[in-house]
Structures are given as structure tokens and as C-alpha cells.
1. Can you name the residue in segment 442-466 that is part of a loop (DSSP other than H, G, I, E, B) and touching a helix residue (DSSP H, G or I) at 6+ places or on another chain (Cβ under 9 Å) and is also surrounded by the most Cβ atoms within 10 Å (Cβ to Cβ) among such residues?
2. Quick one: in segment 406-422, which of the residues that are closer than 20 Å to residue 458 by Cβ and crowded, with 19+ Cβ neighbours inside 10 Å is farthest from the chain's Cα centre (by Cα)?
3. Checking residue 185 against (1) closer than 30 Å to residue 57 by Cα; (2) in contact with a helix residue (DSSP H, G or I) (Cβ under 8 Å, 6 or more places away or on another chain): exactly one of these is not met. Which one?
4. Looking only at residues that are part of a loop (DSSP other than H, G, I, E, B) and under 10 Å from the mean Cα position of the chain (by Cα) in segment 134-143, which one is modelled with the lowest pLDDT?
5. Regarding segment 351-369, can at least one residue be identified that is in contact with a helix residue (DSSP H, G or I) (Cβ under 6 Å, 6 or more places away or on another chain), surrounded by 22 or more Cβ atoms within 10 Å (Cβ to Cβ) and either on the phi < 0 side of the Ramachandran plot or not in a strand (DSSP E or B) (or both)?
6. Residues in segment 38-57: is at least one more than 23 Å from residue 250 (Cα to Cα) and modelled with pLDDT under 85?
7. Would a scan of segment 434-441 turn up a residue that is in contact (Cβ under 8 Å) with a residue 60 or more places away in the chain and more than 14 Å from residue 376 (Cβ to Cβ)?
8. If you go through segment 290-313 one residue at a time, do you hit one that is modelled with pLDDT of 95 or more, in contact with a helix residue (DSSP H, G or I) (Cβ under 8 Å, 6 or more places away or on another chain), farther than 24 Å from residue 238 by Cα and surrounded by 18 or more Cβ atoms within 10 Å (Cβ to Cβ)?
């Protein structure tokens with residue numbers, strides 16, 4: 001699905017803490033050394049500000065396995081400014097703005113978030129455009145920080161929302177002893193989202209969503225650390241399209257000594273325009289940390305589409321798409337499949353219709369130096385089919401009409417991707433990254449003559465943040 005279409009049928013759990021805080025985000029995310037910005041008091045008012053500049057150069061050849069001549073080379077700039085102003089830390093306005101993120105004049109400035117927040121005696125009320133959820137999940141990603149183990153995040157997933165969050169257990173204790181810390185305790189959330197607004201004179205084409213969620217967080221709980229347990233349910237509806245979709249899922253992540261494990265999963269079910277929706281996605285990861293090295297492995301799954309069947313126009317919408325900023329590797333999903341699917345159902349660089357194993361190894365010879373390598377093995381739950389070309393060929397009565405995205409026979413094996421990353425940090429406020437990938441394509445990427453050239457990618461990045 002595209003970002004807009006996926007936003008209509010997915011829900012998120014927003015970590016509506018009383019104030020922003022740096023916290024662990026599961027074994028699949030890199031630790032970010034920068035905590036939230038410090039508050040500068042000006043009388044009863046307070047100011048917080050943060051900034052990040054990122055320059056990213058990328059070269060890929062070829063960008064599609066259909067030809068050896070098509071390549072990509074570009075330079076991206078991105079400036080992100082975050083700020084908040086508050087009154088006695090009880091009421092605040094928060095904004096986040098990106099500039100030049102898409103390297104085009106038309107999209108040179110984007111207001112990612114803009115909301116007001118009030119810390120009431122019994123909870124937090126937040127109104128405005130805000131992140132679906134905190135951190136990097138399979139369903140949504142806030143796009144904040146530098147969490148991806150490979151590649152970068154862009155604007156994240158945001159929504160126009162009215163949110164109430166509270167710590168229900170704390171409500172029964174004396175106000176003077178209530179713990180409002182955002183990184184520990186039991187939380188409950190309730191939100192209304194205006195996902196999409198159609199013609200202003202109509203109500204039926206507006207897309208709405210309600211979300212309920214609970215969470216349990218504990219930096220240290222007996223022998224377990226960084227405990228993060230979440231569960232959510234959401235219901236989305238749109239009258240004009242006869243859409244009624246439920247989404248449910250959750251996360252469990254924790255650390256024990258050198259071991260850190262996590263599972264993030266979501267499922268969608270319902271109907272839209274007389275078609276059923278049945279989608280499942282998950283990520284499971286395990287990481288073993290030592291002072292000089294870390295061993296890491298993850299398993300990713302996103303359900304694929306129903307096979308196109310003659311005479312059936314209402315097959316289920318079963319293709320699950322990860323959040324576009326939740327990266328799985330550098331090249332295959334982010335670039336090659338994104339390019340090859342442009343004339344079919346665009347993936348927009350998301351991990352979709354795939355099952356992947358991704359073991360990785362980190363080496364830290366110096367505190368400021370990271371060496372990382374990984375091997376991504378990927379298959380498709382459903383054979384890769386170009387839906388547009390297949391339907392067109394079927395309408396013309398072509399025998400054996402199904403073809404993949406480059407005109408070859410449908411197959412399930414994406415292939416193997418070799419990824420590498422070198423990072424050097426300076427004062428925990430600047431980083432230089434050099435990343436590379438080689439894709440050894442499988443049968444799902446072969447053309448009608450069984451050919452699929454190897455693809456290679458090099459990416460260099462400089463980031464300054466504080």
C-alpha cells in the first residue's frame with residue numbers, strides 16, 4: 001500500500017508522556033546518545049530546542065534488475081528543527097519542522113508535528129498533529145533520531161489526533177506522591193484520529209479512527225531491564241468507501257544481562273469497498289552485547305497479496321506493509337523493489353510481501369567507531385506478480401498471463417543482500433557514516449529470459465545533531 005492508503009487502515013499507540021524522554025526502543029534500534037533537549041527557564045515559561053542537519057549521498061547501479069543501464073545518484077539535505085515552549089511545565093506547544101527532506105522545491109518545508117498539550121492532575125491531554133507512536137515499529141515509525149541499523153528515517157508517521165493518556169494506578173494515590181515519569185509505570189491511552197479529510201461539504205468521505213492502548217514500562221524490574229510492553233486496538237471507518245477495519249497488536253521487549261530480545265506485531269482485519277482486509281506483520285529480534293562486539297539477528301514477516309484469480313475482482317487486501325521508515329536492509333526493499341513496483345502497486349520502499357532472516361555482527365574497536373555487517377536472506381510468502389500487467393494480459397487472453405515486476409515468471413525468492421556500515425562519532429553530536437550493499441538477486445527478480453544483474457549501492461552520510 002502507499003503511505004496514504006496504509007494510514008487509512010493502520011493504527012498506532014502514541015507514547016503520550018508528560019514530557020519527552022530518551023528511552024530504549026527494543027533490540028532492533030541503535031542507541032541514540034542524545035537525550036531530550038534541556039529546558040531553559042525564562043520566568044514561568046520554558047523553552048526546549050533541538051536541531052539536526054543531515055547530508056546523504058547515494059549511488060546505486062543498477063537501480064532495477066530489468067536493465068544494467070539504469071542507475072541512481074543523488075545528494076539529499078535535511079534540516080530538522082524541534083522546539084517547545086511551556087508555562088510552568090504544565091501547558092506547552094510543540095513543533096517539528098523539516099526542510100529539504102525530499103530534495104525538491106515543492107516539498108522543501110514540511111511541518112511534521114504541531115500540537116498543544118496540557119498536564120492535568122489526572123493525565124495528559126494532547127491535541128494536534130503528532131506521532132502515531134514512539135519508536136520504530138512494524139506498523140508505524142515516528143522517524144525521530146537515528147535508530148535504523150542500516151539507512152535513515154525520513155518524516156515518520158504522524159496524524160491529526162486528540163489524545164488522553166494517564167497512569168491509572170497513580171490516580172488512586174496521594175497527588176504529592178504520584179509518579180509522572182514517562183519511562184516507568186503502567187499507562188492507558190485513548191485517542192481519536194482524523195486520518196483523512198475529503199471534500200469539506202461532505203462528511204461521508206472523511207476517514208476516522210479511535211485507538212485504545214495500554215503500556216507497561218520499567219527501566220529496571222528485578223533482573224529485567226528496559227521492559228517495554230504495549231498492546232493496542234484501533235477501529236477505522238469511512239462511510240463513502242464502506243470501510244470498517246480493526247487493527248490490533250503490541251510489543252514485548254526487555255533486556256537480561258547481555259541479552260536483549262523483542263517482538264513487535266500487528267494484524268488488520270475488516271472490509272473496505274466490499275473487499276476483505278486480512279494483513280499480518282511482525283518483527284522478532286535478539287541481540288547479545290559485549291563491550292567490543294554485538295551479535296544480532298532478526299526475523300521479519302509481512303503478509304503478501306492474494307493471487308490474482310480469473311473472474312474474481314474482490315480478492316482480499318492481504319498485503320501488509322511495514323512503516324516506510326522501519327528499514328530492513330539497505331538496497332532490496334528500500335530501492336530496487338520501490339523502483340520496479342512504480343507501474344504496479346508501489347511499495348514506496350517498504351518491507352512488504354516478504355519473509356526475511358537478517359543476522360548481523362557489530363564490532364567496536366574504539367568507543368567512537370562502529371563496524372557492522374549483515375546478510376539479508378529474503379523470500380516472498382506470495383509469488384511476486386505485477387498486478388497491473390497481469391490483469392491487462394489476462395484481459396487480452398494471453399496464455400499464462402502472470403508475470404513478475406520485470407516481465408519474468410512469478411517466483412518467491414528475492415535473493416541475498418550483503419550489507420555493511422562504518423560509523424565514526426564525534427562528541428556524541430556528529431557522525432560520519434559509510435554504507436554499502438550488494439544484492440544477489442533470486443528468481444523473483446529475473447526477467448523473461450531468466451536474467452537478473454547484481455546490484456550495488458554506496459551511501460555516505462554526515463550528520464550533526466544536538
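1. Among those that are part of a loop (DSSP other than H, G, I, E, B) and touching a helix residue (DSSP H, G or I) at 6+ places or on another chain (Cβ under 9 Å), it is 452.
2. 415
3. (1)
4. Filtering segment 134-143 for residues that are part of a loop (DSSP other than H, G, I, E, B) and under 10 Å from the mean Cα position of the chain (by Cα), the one modelled with the lowest pLDDT comes out as 135.
5. Yes, some residue in segment 351-369 is in contact with a helix residue (DSSP H, G or I) (Cβ under 6 Å, 6 or more places away or on another chain), surrounded by 22 or more Cβ atoms within 10 Å (Cβ to Cβ) and either on the phi < 0 side of the Ramachandran plot or not in a strand (DSSP E or B) (or both).
6. no
7. So far as segment 434-441 goes, no, none of its residues is in contact (Cβ under 8 Å) with a residue 60 or more places away in the chain and more than 14 Å from residue 376 (Cβ to Cβ).
8. Within segment 290-313, not a single residue is modelled with pLDDT of 95 or more, in contact with a helix residue (DSSP H, G or I) (Cβ under 8 Å, 6 or more places away or on another chain), farther than 24 Å from residue 238 by Cα and surrounded by 18 or more Cβ atoms within 10 Å (Cβ to Cβ).
The values are calculated or read from the model by the stated rules, or taken from the named source; none is laboratory data. Quick caveat, the model's predicted, so the values are computed rather than measured. Please note: Cβ atoms are built from the backbone with ideal geometry, for glycine as well, and neighbour counts cover all protein chains shown.
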